[in-house]
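The values are calculated or read from the model by the stated rules, or taken from the named source; none is laboratory data. Since the model is a prediction, treat every value here as computed from it, not as a measurement. Glycine gets a Cβ as well: all are built from the backbone with ideal geometry, and neighbour counts include every protein chain shown. Remember, those area values only see protein heavy atoms, side chains included, never the ligands or the DNA or RNA. Shrake-Rupley method; radii C 1.70, N 1.55, O 1.52, S 1.80 Å.
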Amino acid sequence: MQRAKMDVWVGLFVLLGFAAILFLSLQAANLLNLSFQPTYKVTARFDNIGGLKPKAAVKSAGVVVGRVESITFDDKSFQAKAVLALDSRFVFPKDSSLKILTSGLLGEQYLGLEPGADENNLVAGDRIQSTQSAVVLENLISQFLYSKAADGPAKTAGDGK
């Protein structure tokens with residue numbers, strides 16, 4: 001009887017450990033959102049979203065104010081359309097702007113929301129007009145290399161010219 005009771009406690013402890021590991025892995029992968037705040041949805045269009053993914057954070061002044069709900073491709077404008085779920089407790093002017101930013105040098109991408117100065121606020125169904133696409137590192141490197149190649153060979157001090 002004592003052995004069966006000990007087995008039950010060990011089993012519960014192991015299940016609790018698995019549940020904790022699952023919870024932490026979902027939190028780390030940004031797949032679990034435990035916010036029960038009401039939200040309102042707004043849309044934005046980007047020419048290039050880079051590595052932005054659904055569930056990515058929407059931050060303003062470093063504070064998470066919402067999440068990216070979905071990302072789709074609009075075959076009429078040939079742009080990416082992002083639907084954002086912003087917490088209702090945060091209101092932003094209609095002329096606010098969005099940028100796709102990166103945490104660190106090669107970190108995860110998120111949206112940076114910069115408030116504007118309009119007196120009217122965003123409401124559900126609005127579209128944020130001013131957006132800045134993701135900076136693609138490969139494009140920056142190729143532009144740098146092409147500009148250096150266009151400058152021609154560099155003259156060295158030992159050429160005598």
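Look through the range 73-101, keep the residues that are open to solvent by less than 20 Å² (accessible area, probe 1.4 Å) and of a type in the set (A, V, I, L, M, F, W, C), and return whichever of them is nearest to Gly116 (Cα to Cα).
Phe92
Within the range 113-142, work out how many residues are surrounded by 12 or more Cβ atoms within 10 Å (Cβ to Cβ) and assigned to a helix (DSSP H, G or I). Please lay out each step first, then the result.
Residues of the range 113-142 that are surrounded by 12 or more Cβ atoms within 10 Å (Cβ to Cβ), as a first pass: 113-116, 118, 121-122, 126-137.
Within this subset, residues satisfying the condition of being assigned to a helix (DSSP H, G or I) are 137.
Matching residues across the range 113-142 total 1.
Run Ile100 past the list (1) in contact (Cβ under 8 Å) with a residue 60 or more places away in the chain; (2) aliphatic (A, V, I, L, M); (3) within 16 Å of Ile128 (Cα to Cα) and report the number of the one that doesn't hold.
The failed condition is (1).
When the residues of the range 13-69 are filtered to those that are among the hydroxyl-bearing types (Ser, Thr, Tyr) and under 24 Å from Arg89 (Cα atoms), which remaining residue is modelled with the lowest pLDDT? So that I can check it myself, show each step before the final result.
Narrowing the range 13-69 to residues among the hydroxyl-bearing types (Ser, Thr, Tyr): 25, 35, 39-40, 43, 60.
From what's left, under 24 Å from Arg89 (Cα atoms): 35, 39-40, 43, 60.
On the way: Ser35: 64, Thr39: 89, Tyr40: 92, Thr43: 95, Ser60: 94.
My answer is Ser35.
Can you tell me which of (1) under 22 Å from Asn139 (Cβ atoms); (2) of a type outside the set (S, T, N, Q); (3) under 11 Å from the mean Cα position of the chain (by Cα) is the one Phe78 doesn't meet?
Result: Phe78 fails condition (3) only.
Being closer than 16 Å to Gln109 by Cβ, touching a strand residue (DSSP E or B) at 6+ places or on another chain (Cβ under 6 Å) and not in a loop (DSSP other than H, G, I, E, B), is that true of even one residue in the range 48-55?
No, every residue in the range 48-55 fails to be closer than 16 Å to Gln109 by Cβ, touching a strand residue (DSSP E or B) at 6+ places or on another chain (Cβ under 6 Å) and not in a loop (DSSP other than H, G, I, E, B).
Please work out if Val65 is of a type outside the set (Gly, Ala, Ser), open to solvent by less than 40 Å² (accessible area, probe 1.4 Å), touching a Gly at 6+ places or on another chain (Cβ under 6 Å) and not in a loop (DSSP other than H, G, I, E, B).
Spelling it out, it is not the case that Val65 is of a type outside the set (Gly, Ala, Ser), open to solvent by less than 40 Å² (accessible area, probe 1.4 Å), touching a Gly at 6+ places or on another chain (Cβ under 6 Å) and not in a loop (DSSP other than H, G, I, E, B).
Just wondering, is there one or more residues in the range 10-19 that are free of Cβ contacts under 8 Å to residues at least 24 places away in the same chain and in contact with a helix residue (DSSP H, G or I) (Cβ under 8 Å, 6 or more places away or on another chain)? Spell out how you get there, then give the answer.
So in the range 10-19, the residues free of Cβ contacts under 8 Å to residues at least 24 places away in the same chain come out as 10-19.
Subsequent filtering for residues that are in contact with a helix residue (DSSP H, G or I) (Cβ under 8 Å, 6 or more places away or on another chain) retains none.
For the range 10-19, residues free of Cβ contacts under 8 Å to residues at least 24 places away in the same chain and in contact with a helix residue (DSSP H, G or I) (Cβ under 8 Å, 6 or more places away or on another chain): absent.
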